[in-house]
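**Q** What follows is a structure written as structure tokens; I'll ask about it next.
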Amino acid sequence: MSEATNPETPLVNWVLNGQPVQSPAGMTIFEAAKALETTIPNFCYHPGLTIAGNCRICMVESNRSKKPVISCSERIAEGLEIQTESPMAIEARNAVMEFQLINHPLDCPVCDKAGECDLQDYSYDHGPDRSRFDEEKNIRHTKELGPTIDIWGNRCIVCTRCVRFCDEISGTGELCVVERGDRSVVDVFPTVPIDNPLAGNVVDICPVGALISNDFKFEARIWNMRKTDSVCAGCARGCNVEVQSLDGFVKRLVPRENMEVNKWWMCDEGRYDYRYLLADERVTACTKDGEPVEDHDAHETLAHWLQDPGGTLGILVDPYITCEEAFLVEQIASHANNALVGGWKPADGTAQSFPGQFTISGEKAPNRLGVEAVLGKLVFGSQGHALRTALEKGQVSTLIVFAGFPHPDPDDAWVQAIRKAKRRAVFALQAGAWTEGAGLVIPGASPFEKDGTYANEDGRLQRVRSFHAPGDVEWSHDLQRLQAVLRIAGLRPRSLSSSAVFRELADVKKPFHGLSHSTLPATGAPLPGFIPLPVGVEGGSV
Amino acid sequence: MSFRKIFTPHLGDPNCHTLEFYEKTGGYEGARKALRDWEPDALIDEVKASSLRGRGGAGFPTGVKWGFVPKQTDKLKYLAVNADESEPGTFKDRVLMERMPHQLIEGIIISCWAVGIHSAYIYIRGEYVHAYQRLVAACAEAYDKGILGSKVLGHDFHLDITVHRGAGAYICGEETGMLTSLEGERGQPKLKPPFPAIEGLFGCPTVVNNVETISNLPYIMEIGAEGYKKIGPESSPGPKLYCVSGHVEKPGTYELPMGVNLLELINDHCGGVWKGRKLKAVIPGGSSAHVLSADECDVAMDIESLAAAGSMLGSAGVIVMDDQTCMVNALLNVMKFYHHESCGQCTPCREGTGWLEKIVHRIAYGHGKLEDLDRIDTVCDRMVGKTICVLADAAAFPAWSFTQKFRDEFIHCIEHGGSPEVKRRHPDRIGGGLHV
């Protein structure tokens, strides 16, 4: 990768499909062709793994060899002439496809991979439309390889991507190929199941439906799902994910490639952590003094509280609010005569690093840095202290709490403190200690339902998007609710989209200058001039 | 110049494997000479000049292979002696290791001195228990007498030999497959380049030579490159062990010069085809070689001549078949082997070997169709030259040559309900159901 982007790498003149082209030296034919937008089929090649060269589907014709060469391992060289669509190359591909399919069960109609299966796709392009194979197909094992992963051995094409992943990326090495020849199949050693924090990735990188996630098995057809690009909120790493949902229910998360953040991977902790969306404790309607009320009534009540806080206004934020929401919080605070804004975030865990240069952050807060960039670097530090002290002394009359935690685990000191406020409104994802005894409880959105931006532990600003289709849900999200309240209170003229709120934010907050939702790259952008504070230093957790 | 046997003259002696006997018959003189009189570079040139070619099957010039190893390197260098001898029909290395283990050790000393290697591995086929025991005993003797170890034959040169047993995989006889197996990995070939001479065992420069190749070295030291070149054809000279098996009166390992005529080997040395029958076919170089029909057998057994005849010398495992052999059944036997032994890494070989066996099985058991012959042809075509190692080619060559040269017999099987051999042996299995 670095070779391709380093401008000082010398260029090599070679010929691709009759066209003279130039590519940085050291690239493989496959990579160079891909950079030139010529796609060569591949099964065993994965940019994040070592080259195995065993599937043979990427064979191309070369002027340097009588036999077809594999483009994933051969490197480009001066004067090399490569044909990807010559009769020899096509015949080689067709041959590999025929071999791949003779013992394949062709059970696409019941296979969870169908729709995103490389074997299926290439079969349309290169496979024979009928089989010359009159024999009985081989049978290989179907079994559990671990708590989250099954293997359907008959579908396995032994590309060893999963084996290499466990060897090279997770470094745990649970998977191996057992048996030889057309009996060979991926397996684990007895009593050593695949159970590592990155295990779910082997399902993603399986080019066929051999490795199947227990969590997603038989849940949905790939093509029916709605796919939303967002960011995982499990930790401060901010892995790029695609949220795949059907009829308003999240079915699974899969990682998106982002070389600056998560490469091609994500951890199981984040991957399987979406069930809280359907938790029994989920707050789905506004309540006032324990009684259900219409959204508008709740918004109106809160607006009145803001107009007349009756003393000090306290706002307790969490690191799950987006930068846009944090900006509205600041507006509320700035209009109050006497306001205290502080933050609370979940306790840090231990960071986990893996040989494949992948890290699960110890900080379990997805947007601490973003909130700090808007509300001040000390919001989770001394500002939080100040708010709690004021609360404990009974000096806060009106308190707004943002409790968007997927897994509410409040510490007692805060829970005791917030109860001392005279009036309390809580934007809550789930009912519990934070909402108990609150005058006003307003349903909060989960990170997968928010629309805005998060900044990860490196200060990289990334878009989060709601997986819901417009009209999917009857209730509106935090950003809309906050704007509704502000509008009723006369503090904002009208409700705007998340992008428009961000534009306002970018105008006034220095780290966000020059950024906008529409120009933010898919891989995010570092917040300029904002140097992230390490956890534990002033500004870290309370 | 009359031919002098170097591998087999003393095989009749029950003590021929001992150090005492070997030294009595001039053993370790070649190694002494090499260490005393030859600079390593000059020694490599001498081996190049001898035109010694690898005896494992590919016939690569040994001196040239040594020359590929980088002279200046921070890494260790290794010699890996390929003693995995797993090609069907081949049993020459076994004889050498069981009877002449010290000749191999002497050869190892010479090659390690030439290339600057201090650590050699002998990767021996797991089934060769007796040969393994003999080798281990011979190494122990050599260490005891100061032939191996910190001062090889009293010179300032240290060398260690490790004998490692394989676990019974044909593919571990392929050089990179052998190296991965030695490293403790699943034994399967690696992508080349990098070639073992640059990046082999444990990522270090490694020379991989066959047992018989190495065993030639003491003799080259004795008579010099010029003398050696005079034995047999100039391009691939030297004494050669031929393993003759199958339908001959006296099967066994025969030491003859390179380029001996195949018919002479069968008729004069092996007592001819057994039971007075006629010759039908010969596989001249292990089961991977193209089969020769009887009228093609008047050929010299050297690398060039056999290549010109459309086959190969390979490991010189000569399998003789008489006129009562069912070629369909013979091919089925060969296909079973390759199906069983394909490592399963590359798609064409993994799937193709199994497919070929199933088709041939069907023909032999009375379910063949005429289009199967074309199918075998195209499947072979789709396997050859498309994989990391040459096992796919090795499986395709016999399938190709059997069905082409004995097509009538295959057609007869297809049209008459299966192979006569199978009918005779398994009358209950023929024709009923699809046995695959």
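**Q** What number of residues within segment A:113-139 are within 14 Å of another protein chain (Cβ to nearest Cβ), farther than 13 Å from B:TRP355 by Cα and not in a helix (DSSP H, G or I)?
**A** So the count comes out to 4.
**Q** Identify, please: which residue in segment A:142-159 is open to solvent by 20 Å² or more (accessible area, probe 1.4 Å), closer than 11 Å to A:ALA210 by Cβ and touching a residue at least 40 places away in the same chain (Cβ under 8 Å) and is, among those, nearest to the other protein chains (Cβ to nearest Cβ)? Step through it out loud before you land on a result.
**A** Step one: filter segment A:142-159 for residues open to solvent by 20 Å² or more (accessible area, probe 1.4 Å), giving A:142-144, A:147-148, A:152, A:154.
From what is left, the residues that are closer than 11 Å to A:ALA210 by Cβ are A:142, A:152, A:154.
Still in the running and touching a residue at least 40 places away in the same chain (Cβ under 8 Å): A:152, A:154.
On the way: A:TRP152: 17, A:ASN154: 13 Å.
Top of the filtered list is A:ASN154.
**Q** Hey, another quick one. Could you tell me how many of the residues in segment A:284-314 are under 25 Å from A:ARG465 (Cα atoms) and open to solvent by less than 20 Å² (accessible area, probe 1.4 Å)?
**A** Total meeting the criteria: 2.
Yes or no, residue by residue, for (1) polar (S, T, N, Q); (2) farther than 25 Å from A:ALA365 by Cα; (3) in contact with a Pro (Cβ under 9 Å, 6 or more places away or on another chain):
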{"site": "A:GLY404", "(1), (2), (3)": "no, no, yes"}
{"site": "A:ALA421", "(1), (2), (3)": "no, yes, no"}
{"site": "A:LEU429", "(1), (2), (3)": "no, no, yes"}
{"site": "A:ALA438", "(1), (2), (3)": "no, no, no"}
{"site": "A:GLY444", "(1), (2), (3)": "no, no, no"}
{"site": "A:ARG481", "(1), (2), (3)": "no, no, yes"}
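**Q** Conditions: (1) under 35 Å from the mean Cα position of the chain (by Cα); (2) within 14 Å of chain B (Cβ to nearest Cβ). A:ASN94 meets all but one. Number of the miss?
**A** Answer for A:ASN94: the failing condition is (1).
**Q** So if I check each of B:GLY107, B:GLY63, which one is open to solvent by less than 10 Å² (accessible area, probe 1.4 Å) and touching a residue at least 40 places away in the same chain (Cβ under 8 Å)?
**A** Matching residue, one of B:GLY107, B:GLY63: B:GLY107.
**Q** Now for a different question. Evaluate the following for A:ILE70: is it surrounded by fewer than 20 Cβ atoms within 10 Å (Cβ to Cβ) and hydrophobic (A, V, I, L, M, F, W, C)?
**A** no
**Q** Pick out, from segment A:424-515, the strands (runs of 3 or more DSSP E) lying fully within it that include 1 or more residues that are at pLDDT 90 or above and over 23 Å from the mean Cα position of the chain (by Cα).
**A** In segment A:424-515, A:440-443 are the strands (runs of 3 or more DSSP E) which contain 1 or more residues that are at pLDDT 90 or above and over 23 Å from the mean Cα position of the chain (by Cα).
**Q** Could I ask something else about it? Within the bounds of segment B:91-98, is there any residue that is in contact with a strand residue (DSSP E or B) (Cβ under 9 Å, 6 or more places away or on another chain) and part of a loop (DSSP other than H, G, I, E, B)?
**A** yes
**Q** Same structure again: Hey, can you tell me all the residues within segment B:9-50 that are out of contact with any Asp or Glu (no Cβ under 8 Å at 6 or more places or on another chain) and within 17 Å of B:VAL64 (Cα to Cα)?
**A** The answer is B:GLU39, B:PRO40, B:ASP41, B:ALA42, B:LEU43, B:ILE44, B:ASP45, B:GLU46, B:VAL47, B:LYS48, B:SER50.
**Q** Mind checking which residues of segment B:226-270 are among the aromatic types (Phe, Trp, Tyr) and either closer than 19 Å to B:ASP298 by Cα or without any contact (Cβ under 8 Å) to a residue 60 or more places away in the chain (or both)? Give the steps one after another, and end with the answer.
**A** Of segment B:226-270, the ones among the aromatic types (Phe, Trp, Tyr) are B:228, B:242, B:254.
Within segment B:226-270, B:TYR242, B:TYR254 qualify.
Here is a yes/no grid of residues against (1) within 13 Å of B:TYR78 (Cα to Cα); (2) in contact (Cβ under 8 Å) with a residue 12 or more places away in the chain; (3) outside any strand (DSSP E or B):
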site	(1), (2), (3)
B:TRP113	yes, yes, yes
B:ALA131	no, yes, yes
B:LEU135	no, yes, yes
B:ALA138	no, yes, yes
B:ASP156	no, no, yes
B:ASP160	yes, yes, no
B:CYS172	no, yes, yes
B:THR176	no, yes, yes
B:GLY187	no, yes, yes
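**Q** Checking A:VAL186 against (1) within 14 Å of chain B (Cβ to nearest Cβ); (2) part of a helix (DSSP H, G or I); (3) in contact with a strand residue (DSSP E or B) (Cβ under 8 Å, 6 or more places away or on another chain), which test does it fail?
**A** (2)
**Q** In addition: Can you find, within segment A:216-243, the residue that is most open to solvent (accessible area, probe 1.4 Å) among those that are free of Cβ contacts under 8 Å to residues at least 60 places away in the same chain and within 17 Å of A:ARG463 (Cα to Cα)?
**A** For segment A:216-243, the residue satisfying everything is A:LYS227.
**Q** Give just the number: which of (1) at pLDDT below 95; (2) closer than 23 Å to B:ALA167 by Cα does B:ASN82 not satisfy?
**A** (1)
**Q** Okay, moving on. Just give me the residues in segment B:252-287 being farther than 16 Å from B:MET321 by Cβ, of a type outside the set (A, V, I, L, M, F, W, C) and open to solvent by less than 30 Å² (accessible area, probe 1.4 Å), in sequence order.
**A** Within segment B:252-287, B:GLY252, B:GLU255, B:GLY259 meet the criteria.
**Q** Here's something else I'd like to know. Among the listed residues B:SER342, B:SER401, which satisfies the condition of being open to solvent by less than 20 Å² (accessible area, probe 1.4 Å), modelled with pLDDT of 95 or more and closer than 17 Å to B:ILE283 by Cα? Walk me through it before giving the result.
**A** On the way: B:SER342 fails: closer than 17 Å to B:ILE283 by Cα.
So the residue among B:SER342, B:SER401 that is open to solvent by less than 20 Å² (accessible area, probe 1.4 Å), modelled with pLDDT of 95 or more and closer than 17 Å to B:ILE283 by Cα is B:SER401.
**Q** Which numbered condition trips up A:ASP107, out of (1) within 30 Å of A:GLY26 (Cβ to Cβ); (2) in contact (Cβ under 8 Å) with a residue 40 or more places away in the chain; (3) surrounded by fewer than 16 Cβ atoms within 10 Å (Cβ to Cβ)?
**A** Looking at each condition in turn, A:ASP107 falls short on (1).
**Q** If you don't mind, there's one more thing I want to ask. Step by step: first the residues of segment A:54-67, then only those that are facing another protein chain (nearest Cβ under 8 Å) and crowded, with 21+ Cβ neighbours inside 10 Å, then the one that is farthest from A:VAL208 (Cα to Cα). Which residue is that? Explain how you work it out, then say what you get.
**A** Of the residues in segment A:54-67, the ones facing another protein chain (nearest Cβ under 8 Å) are A:54-57, A:59, A:66-67.
From what is left, the residues that are crowded, with 21+ Cβ neighbours inside 10 Å are A:54-57, A:59.
On the way: A:ASN54: 15, A:CYS55: 12, A:ARG56: 15, A:ILE57: 14, A:MET59: 19 Å.
Taking the candidates together, the pick is A:MET59.
**Q** Do the conditions hold for A:ALA77, that is, is it away from chain B (no Cβ under 14 Å), of a type outside the set (Phe, Trp, Tyr), surrounded by fewer than 22 Cβ atoms within 10 Å (Cβ to Cβ) and touching a residue at least 12 places away in the same chain (Cβ under 8 Å)?
**A** No; evaluated as a whole, the condition is false for this residue.
**Q** In the list A:ASP112, A:ASP129, A:ASP134, which residue meets the criterion of being buried (at least 20 other Cβ atoms within 10 Å of the Cβ) and not aliphatic (A, V, I, L, M)? Can you show your working first?
**A** Working: A:ASP129 fails: buried (at least 20 other Cβ atoms within 10 Å of the Cβ); A:ASP134 fails: buried (at least 20 other Cβ atoms within 10 Å of the Cβ).
Sole residue among the options that is buried (at least 20 other Cβ atoms within 10 Å of the Cβ) and not aliphatic (A, V, I, L, M): A:ASP112.
**Q** Name the residues in segment B:115-129 that are in a loop (DSSP other than H, G, I, E, B), open to solvent by less than 30 Å² (accessible area, probe 1.4 Å) and farther than 21 Å from B:LEU52 by Cα, would you?
**A** Answer for segment B:115-129, where residues must be in a loop (DSSP other than H, G, I, E, B), open to solvent by less than 30 Å² (accessible area, probe 1.4 Å) and farther than 21 Å from B:LEU52 by Cα: B:GLY126, B:TYR128.
Condition check ((1) buried (at least 21 other Cβ atoms within 10 Å of the Cβ); (2) modelled with pLDDT of 95 or more; (3) within 13 Å of chain A (Cβ to nearest Cβ)) across all residues:
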| residue | (1), (2), (3) |
| --- | --- |
| B:GLY352 | yes, yes, yes |
| B:ASP374 | no, yes, yes |
| B:VAL384 | no, yes, yes |
| B:ALA395 | yes, yes, yes |
| B:PHE406 | yes, yes, no |
| B:ILE411 | no, yes, no |
| B:GLY417 | no, no, no |
| B:VAL422 | yes, no, no |
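Residue-wise test of (1) out of contact with any Gly (no Cβ under 9 Å at 6 or more places or on another chain); (2) in the same structural domain as B:GLU304 (by TED's automatic domain parsing); (3) open to solvent by 50 Å² or more (accessible area, probe 1.4 Å).
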residue	(1), (2), (3)
B:SER150	yes, no, yes
B:LEU153	no, no, no
B:VAL163	yes, no, no
B:PRO196	yes, no, no
B:GLY203	yes, no, no
B:LYS250	no, yes, yes
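The values are calculated or read from the model by the stated rules, or taken from the named source; none is laboratory data. Remember, it's a predicted structure, so these values are computed and weren't measured experimentally. Because the Cβ atoms are built from the backbone with ideal geometry, glycine has one as well, and the counts that use them run over all protein chains shown. Heads up: the accessible areas ignore ligands, DNA and RNA and are worked out on the full protein's heavy atoms, side chains in. Shrake-Rupley method; radii C 1.70, N 1.55, O 1.52, S 1.80 Å.
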